[in-house]
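For reference, the structure discussed in these notes is given below.
Only the coordinates and a few stated rules stand behind these numbers; no lab work does. None of the values given here were measured: they were computed from a predicted structure. Cβ: placed from backbone, ideal geometry, glycine included. Neighbour counts: every protein chain shown.
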Amino acid sequence: MLEEHLKKKLQSIVGEENYQDSKTSLLSYSYDATPGFQSLPDAVISPRNKHEVADIVKLCNQHNIPIVPRGSGTNLSAGTTPLYGGIVLLMKHFNKILEIDEENLTVRTQPGVITQTIIEAVEEKGFFYPPDPSSMKISQIGGNINENSGGLRGLKYGVTRDYVMGLEVVLPNGEIIKTGGKLAKDVAGYDLTRLFVGSEGTLGIVTEATLKLIPKPETKKTMLVLYQNLDAAAKSVSAIIANRIIPATLEFLDQPTLKAVEDFAQIGLPTDVKAVLIIEQDGPIEIVEQDMDRIAKICKENQAIEVTLAKSSEDAEALTTARRAALSALARLRPTTILEDATVPRSEIAKMVSAIEEIARRNQVTICTFGHAGDGNLHPTCLTDIRDKQEMERVEKAFEEIFHKAIELGGTITGEHGVGAMKLPYLHLKVGEAGIDLMRNIKLAFDPNSIMNPGKVFTDINRKRVVVQK
Ligand SMILES: Cc1cc2nc3c(=O)[nH]c(=O)nc-3n(C[C@H](O)[C@H](O)[C@H](O)COP(=O)(O)OP(=O)(O)OC[C@H]3O[C@@H](n4cnc5c(N)ncnc54)[C@H](O)[C@@H]3O)c2cc1C
């Protein structure tokens with residue numbers, strides 16, 4: 001609990017109705033979608049505008065109170081667990097799309113808008129906002145920006161970073177800055193917009209974003225390809241891209257994931273095959289048809305046993321929706337689901353898939369794998385039970401080996417879920433100690449008192465641990 005005088009001041013900024021510190025609300029915001037991390041905040045505060053955010057931040061900076069900005073809490077790296085107590089800053093009042101600019105092809109939005117709401121709003125006007133994380137029905141755009149989230153369409157269209165043109169941010173000292181804007185070109189100084197994207201709430205609070213739109217593709221087609229051999233599916237991915245075809249979506253599901261998804265979604269997916277690819281192409285109809293023909297041929301040359309084109313847009317939608325449900329489907333099987341996102345260059349996907357299988361077998365843990373194969377971004381997902389200490393040790397060891405393997409293949413420890421508190425022990429594998437030092441200095445230049453989301457991305461330097469409850 002915060003001291004009474006601080007509580008009073010915060011209530012006077014946001015109004016009593018936007019200040020919560022009952023046991024239930026503190027408990028509700030003590031965790032996110034990441035298993036194994038839980039810690040109570042001292043208060044949960046919902047500012048109504050950027051000026052209130054600035055006033056809160058100034059007060060917190062003065063009294064060294066941690067601030068954990070929170071969207072929908074769906075991140076998978078313990079990015080919103082209040083490890084040092086302090087306040088959870090909810091962005092629920094920042095829920096408006098402010099402008100769709102048809103001349104500049106931009107959408108200006110508040111950070112608390114649900115990703116899918118933005119996608120649907122711009123599609124109604126014939127535009128396209130491609131980043132589509134599987135969580136898009138619940139995640140907020142502010143969370144996507146701070147995690148630099150990817151999605152099923154990342155292969156062809158890129159990730160959130162590629163669509164953020166400008167931001168309004170409240171800095172840890174309470175100043176409000178604007179970066180970038182509707183400009184197609186802008187090289188005035190360092191690219192602060194890119195620095196904030198993926199900064200996991202550690203540098204400031206995003207209060208507005210300008211996002212790039214593109215014209216909505218004319219048409220799209222979706223294909224399901226079946227394999228009796230994991231390696232053949234992975235090799236097809238590399239072969240498609242090596243043949244200079246960039247599908248909009250190229251997703252991979254192994255058999256255990258497929259079984260769980262079919263059990264959950266019941267759309268008639270085959271469960272007797274070892275792996276499937278879900279492939280989508282969009283664009284002008286002639287190009288889409290030509291690409292799909294070529295992709296089908298390449299898959300067959302790489303031992304696909306069946307290639308089926310979705311007959312209707314409903315069938316196509318069912319396939320991609322089923323893929324988006326993979327994590328939820330797997331989460332039903334055992335008490336704890338730990339999903340990782342080791343990523344390798346696309347050419348190494350086959351090696352990574354077999355390495356994950358071998359690591360799981362050797363460590364006697366259950367790992368199901370699915371993911372954005374076209375991006376080299378796999379989601380090895382461990383089905384386990386956090387209460388079983390011995391099994392958890394084997395799980396940790398298996399994931400450590402997976403990270404090392406990804407790095408050995410030229411990859412990274414996280415492709416889209418961020419470092420948060422979860423992958424912090426492995427960050428040096430990717431960026432080295434010198435890289436971490438540089439990032440830390442950047443963080444301190446923004447946030448010398450380390451009030452913004454402490455304990456995320458790297459171990460905290462300035463902050464004495466105040467409240468840690470696990
Ligand atoms: C079922 C499921 C499927 C998923 N699929 C994908 C996927 O396909 N691709 C993918 O990339 N991720 C995926 N994720 C992970 C997650 O949904 C994304 O990381 C998403 O961007 C988080 O959004 P959120 O609103 O829940 O943010 P939160 O989890 O609340 O926050 C994420 C981070 O952003 C910070 N933050 C939030 N809002 C602000 C703000 N306004 N200013 C400053 N910092 C802020 C937080 O402090 C935190 O560090 C999935 C998660 C689940 C549960």
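Here are the numbers:
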read-out	value
Relative packing of peptides 121-134, 368-381, 177-190 - highest average C-beta neighbours within 10 Å first	368-381, 121-134, 177-190
Percentage, to the nearest whole number, of Cα pairs in region 97-215 over 22 Å apart	26 percent
Loop trypsin sites (Lys or Arg not before Pro), region 347-389, which have at most 11 other Cβ atoms in a 10 Å radius of their Cβ (DSSP)	ARG387
Rounded to whole Hz, the Karplus (6.51, -1.76, 1.60) HN-Hα couplings of region 338-346, x for glycine and proline	10, 10, 10, 9, 4, 10, 10, x, 3
Dipole of region 52-204 [Lys/Arg +1, Asp/Glu -1 at C-beta], most positive-end residue of ALA78, GLY154, ILE141	ALA78
Region 260-287 residues near the modelled THR321 label - backbone nitrogen below 13 Å, point 7 Å along Cα→Cβ	265-268
Rel. contact order, % - alpha carbon contacts under 8 angstrom, at least six apart, region 97-215	31 percent
Cβ charges +1 (Lys, Arg) and -1 (Asp, Glu), total dipole of the chain, debye	820 debye
Extended-chain gain in nm, criterion 0.36 nm per residue less alpha-carbon gap, LYS23 and GLU396	131.1 nm
Alpha carbon convex hull of region 1-83, projected area averaged over orientations, nm²	5.3 nm²
Efficiency of FRET from Cβ geometry, ALA184 and LYS137, R₀ 22 Å, rounded to 0.05	0.10
Protection proxy ranking of 23-36, 198-211, 1-14 - average other beta-carbon atoms within 10 Å, highest first	198-211, 23-36, 1-14
In nm, spacing of pseudo-spin labels at ASP162 and LYS300 (7 Å Cα→C-beta vector)	3.0 nm
Cα pair distances of the chain binned at 10 Å [whole percent]	4, 20, 30, 26, 15, 4, 0, 0
Within-11-Å neighbourhood charge of GLY374 [Cβ basis; K, R +1; D, E -1]	0
q = 0.11, 0.12 Å⁻¹: log10 I(q)/I(0) that the Debye formula gives for region 288-420, counting C-alpha atoms only	-0.48, -0.56
Residue pairs, from the table LYS185/LYS405; LYS259/LYS311; LYS216/LYS259; LYS137/LYS389, whose Cα atoms sit over 31 Å apart	LYS185/LYS405; LYS216/LYS259; LYS137/LYS389
Förster-model FRET efficiency, 35 Å R0, SER12 and ASP388, C-beta, rounded to 0.05	0.15
